[in-house]
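The values are calculated or read from the model by the stated rules, or taken from the named source; none is laboratory data. Values in this document were obtained by computation on a predicted structure and should not be read as measured data. Please note: Cβ atoms are built from the backbone with ideal geometry, for glycine as well, and neighbour counts cover all protein chains shown. Remember, those area values only see protein heavy atoms, side chains included, never the ligands or the DNA or RNA. Shrake-Rupley method; radii C 1.70, N 1.55, O 1.52, S 1.80 Å.
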Amino acid sequence: MFNQRRSGSNADFSADEPLSKRALKAKAVGLLALREYTRAELLKKLSPLAQTPETVLAVLDELAKDGWQSDERFAAAFSHQKSFKQGAALVAQGMRQKGVSDALIAQTLQNLSATEQARAHSVWEKKFSKEGRPNDARSWARQARFLASRGFGSGVIRQVLGASGSGDEDQ
């Protein structure tokens, strides 16, 4: 039989038979034990397994009320994890993809903005410490593209690399 569950694993639920409210809650708690999930992510994961959409919503309300699931906690954990390598724009994009509300994203971005330049410098230093500051327009553009691809804004990039790509502002 392909639909049999392995002992100790709640990952192999049959899609043929819908789960009860209790089983849905157990599945959700199992997922939340591994990492934080947004309400939208859990809704997407649990909906195919439920008898009705109302059952899933009731389980999610119960989890939020009991403190098992929190979008605020997800946003804090996600931004903490991603902000070491990414700028605010990329962190915000990732949070939008996970279903975090715009108000919560704005609050998170406000918290990240205080450290944006220091984080950009840290990312730049890890990649370009041996090469050093750009000394011509070509290397300035290459380093700027690197930082932009990591989600840092143009103002922060200019502060980290210097105001222009000419490389002769020190001379």
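For the residue pairs K44/K82; K27/K85; K44/K65, the alpha carbons lie more than 27 Å apart in K27/K85. Rolling a 1.4 Å probe over the protein heavy atoms gives the chain an accessible area of 63 Å² per residue.
For E62 and K98, the FRET efficiency from 1/(1 + (r/R0)^6), where r spans their Cβ atoms and R0 equals 22 Å, is about 0.55.
Near G151, once Lys and Arg are set to +1 and Asp and Glu to -1 for all other residues with Cβ below 12 Å from its Cβ, the sum equals +3. Amide H contacts of A50 (H built 1.01 Å from N, in plane; Pro and chain starts excluded): L19 sit under 5 Å, all sequence-distant by 5 or more or on other chains. The three principal axes of the Cα atoms in the range 9-106 give end-to-end lengths of 44, 25, 20 Å, sorted in falling order. At the listed q of 0.14, 0.15 Å⁻¹, the Debye profile of the chain, built from one uniform point per Cα, gives log10 I(q)/I(0) equal to -0.79, -0.84.
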